[in-house]
Amino acid sequence: MDTVRADHVSGYEGATTTPVLAEIAEEGVRLQDFYAASSFTLPSHMSIFTGLDPAEHGVFREEAELDRRIPTLAETLGKAGYATAAFHEGGYVSPRYGFGRGFDRSLEFSRLELVSGSLSRVTDWIRAHRGDRYFLFVHTYAAHFPYGGWQRHRSRGVGAERFEPRRLEALRQRFDSAHAERREGRAPERIGDALRADCTLFNQLAEHHGELLGCGDNFLSAEYLDPVHGGEDLAAVRESYDERIRRIDAALGRIRETLRDLGEWDDTLLVVTADHGEAFLEHGQSQHDYIPFDEVLKVPAVWSWPRGFGETGGREVEGATWHLDLMPTILGLSGVAYPGRARGLDLSQVLKGERELAAERTVHPAVLRLAHREPRAERRVAVRGNWKYIEGDALFGDSEGLLFDRSRDRQERVNLRQEEPEVFQSLEAESLRWRRGLEASSARHRHSGAPLPGDPLAPVPAVSLTPQERQQLRELGYVD
């Protein structure tokens, strides 16, 4: 589930958006403190598929491709005799970065397609492989910006005049022309603050990228909230986000129904997770660009295997876990040897209730800038128990660093760096040890094949995007 934060999923902090997933968790295992490897799609997914830290696989730039010497989850299971397939919606999980390796079949769909008209392609593949051992990866951007719902918001009266269809069409024509003039070197029409606020809100609630207005921004900010209806507008954006998550949950229900019809549900290991979350101005920022807080880094993780987990199903596991644990755990539960040294933990015994997760276990997400934007230095987060350390940066609110006690401060508002210096220094030192213990990035430039530096600030030769690649990233708001 691309772009799905934990606290908007049933079973996490009171959310009720995913009834199907809640039912699955009742006979499975929910990891309550599960973290993304990074703050955006590309490095997080590559960590899922390699079990490596983003600094080691190095795939966090548009130019990067995974080193072919690094085995992936699909390759490892394929060599063990599993049929493999990927059904995904492109963008930052496209084969050009190395995600296609190991899959017998890798099919790319347009955004939202896999939770709507084309889900039958997934269920047909499952039916065609009845009785086989297989590994299937299904990915959707359904919850990604833009979130849809502008007509619903308008119907409630709050956005009636602002979102009147004739006005929207006039704005679209007017500012598409302004953008064309700017490309030709003429000064564009000035956009007033009130109009920009209306257009920016509409862009959040647009059904797809083709509806976006040139008079607004993609990223929401407090200054673009209507001074009278700002609270209702922000609530509408969050509601639309939840509606998209419900669509994913409904699609998951159809997959479960297919497996039950085939009599294979009990023997299927199902893992449902996300690559990162999404911010809605909790700390002044929106979406998921270079944000270290839980709205972006904490994601859901539900495991189901009725026959394998048996009576231990329905459990909730406390303690820090993260993306790097997925590959070793999936292989461990499948009885397949891990190819090399795992960075994450094999949680097989934890999921089966045979042992507890160590209380001192710490995970180390990397905060990275979106690949298409001006780079910033990598920052690290360390989560251990209820404590969360964030490496300092002025954009995070404190250049010296932050420390939160999540048991008392779920919203991450009170920085305890000065009140708890020993805890802060301990996590800071552990974060530094983790980084020093990582092997250098071995990512390759996907045009030249040359090694890429592990430093996000180091310059590298650019790549040329095909028109199709550029359009994919533009539809996700990643390219202007």
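The values are calculated or read from the model by the stated rules, or taken from the named source; none is laboratory data. No experiment lies behind these values; they were computed from the predicted model shown. Glycine gets a Cβ as well: all are built from the backbone with ideal geometry, and neighbour counts include every protein chain shown.
At-a-glance table
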| read-out | value |
| --- | --- |
| Residue that is surrounded by the most Cβ atoms within 10 Å (Cβ to Cβ) [pool: residues in segment 286-318 that are assigned to a loop (DSSP other than H, G, I, E, B), at pLDDT below 95 and more than 16 Å from the chain's Cα centre (by Cα)] | GLY313 |
| Number of the condition not met by GLY263 [criteria: (1) small (Gly, Ala, Ser); (2) touching a residue at least 12 places away in the same chain (Cβ under 8 Å); (3) over 21 Å from LEU347 (Cβ atoms)] | (2) |
| Single match in GLY344, GLY332, GLY353 (criterion: surrounded by fewer than 21 Cβ atoms within 10 Å (Cβ to Cβ), among the small types (Gly, Ala, Ser) and not in a helix (DSSP H, G or I)) | GLY353 |
| Wholly enclosed helices (runs of 4 or more DSSP H) of segment 1-98 bearing at least 1 residues of a type in the set (S, T, N, Q) | 41-50, 73-79 |
| Verdict on GLU439 being in contact (Cβ under 8 Å) with a residue 12 or more places away in the chain, outside the structural domain of GLN285 (by TED's automatic domain parsing), on the phi > 0 side of the Ramachandran plot and in a loop (DSSP other than H, G, I, E, B) | no |
| Evaluation of HIS129 against (1) in contact with a helix residue (DSSP H, G or I) (Cβ under 6 Å, 6 or more places away or on another chain); (2) in the same structural domain as ARG247 (by TED's automatic domain parsing) (one fails), failing number | (1) |
| Subset of segment 187-241 [of a type in the set (D, E, K, R), closer than 15 Å to ARG156 by Cβ and at pLDDT 90 or above] | GLU232, ASP233, ARG238, GLU239 |
| Tally, over segment 197-242, of residues that are under 16 Å from GLU164 (Cα atoms), charged (D, E, K, R) and in a helix (DSSP H, G or I) | 3 |
| Selection from segment 330-346 of residues that are touching a residue at least 60 places away in the same chain (Cβ under 8 Å) and hydrophobic (A, V, I, L, M, F, W, C) | ILE330, LEU331, LEU333, VAL336, ALA342 |
| Test for PRO375: is it at pLDDT 95 or above, within 23 Å of MET46 (Cβ to Cβ) and part of a loop (DSSP other than H, G, I, E, B) | no |
| Single condition ASP233 does not satisfy, out of (1) touching a His at 6+ places or on another chain (Cβ under 8 Å); (2) free of Cβ contacts under 8 Å to residues at least 40 places away in the same chain | (2) |
| Qualifying residue in segment 412-422 (condition: of a type outside the set (Lys, Arg), within 23 Å of ARG361 (Cα to Cα) and loosely packed, with under 11 Cβ neighbours inside 10 Å) | yes |
